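Rule-based calculations on the coordinates, nothing more; no lab input. A quick note: this is a predicted structure, and the numbers were derived from the prediction, not measured. Here Cβ is always computed from backbone atoms with ideal geometry, including for glycine, and neighbour counts include all displayed protein chains.
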Amino acid sequence: MPAPRLHHVVFAVRPESFDGASRYLELLGFHLVEYVVDDVGLRVRIDWNGGMELVTPTEEHFAQSGSVGDFLARYGEGLFAVAVRVPDAKGACAVAEAEGAVERYRQHRGGDGFTLTEIDMAPLFGVPITFLETDLE
């Protein structure tokens, strides 16, 4: 079974900073692709190969407990999560929970020949990990 590996880092930014932060990363050479994930109220810009992701909440998402909007209200802009690619997200989640971590969010998506499972854990010992299981290369 493959070992876990760092996949990308996720930075939460306020809506008014989203374009500026994107421009900054693009000037550094990252190639960001935007997705709007309506069901969780997020705008996402990610460089799948470069390992960088920016997220910002839509208005509907801003106040939900544990959300990106909640994070921004509590801590301001900054590192939101580190996505770690694992062969078994549920198994990794079980290990994390046994150590005292708490699941914040879980999603499963698929289509166009891929599947993706993400399980976001509340920081444990200051480490905000999101487990990512996917067949995307």
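Computed from backbone phi, the HN-Hα couplings of region 26-34 come to 5, 5, 6, x, 6, 10, 8, 10, 9 Hz, rounded to whole numbers (Karplus: 6.51 cos²θ - 1.76 cosθ + 1.60, θ = phi - 60°; Gly and Pro given as x). Taken along the Cα-to-beta-carbon direction at a fixed 7 Å, the label points for Arg106 and Thr134 span 2.0 nm. Converting phi to 3J(HN,Hα) with the Karplus coefficients 6.51, -1.76 and 1.60 and the offset θ = phi - 60°, region 104-121 yields 9, 7, 9, 9, 10, 9, x, x, 6, x, 9, 10, 8, 10, 10, 10, 8, 9 Hz in sequence order, with x at every glycine or proline.
Once the C-beta distance of Thr58 and Leu124 is scaled by a Förster radius of 25 Å, the resulting FRET efficiency is 0.35 to the nearest 0.05. Between the beta carbons of Leu27 and Ala98, assuming R0 = 41 Å, the FRET efficiency works out to 0.45 to the nearest 0.05. Evaluating 6.51 cos²θ - 1.76 cosθ + 1.60 at θ = phi - 60° for every residue in region 130-137, the Karplus couplings come out as 10, 7, 10, 10, 8, 9, 6, 9 Hz, glycine and proline recorded as x. GNM remark for the chain: springs join alpha carbons under 10 Å apart, and the peak mean-square fluctuation among Val68, Val86, Val33 falls on Val33.
Points 7 angstrom from Cα along the Cβ direction at Val36 and Ser65: gap in nanometres? Placing both labels 7 Å beyond Cα along the Cβ direction yields 2.9 nm.
In the chain, the DSSP-assigned H stretches of four residues or longer account for a calculated mean residue ellipticity at 222 nm of -6000 deg cm²/dmol, using -39500 (n - 2.57) per stretch and the full residue count as denominator.
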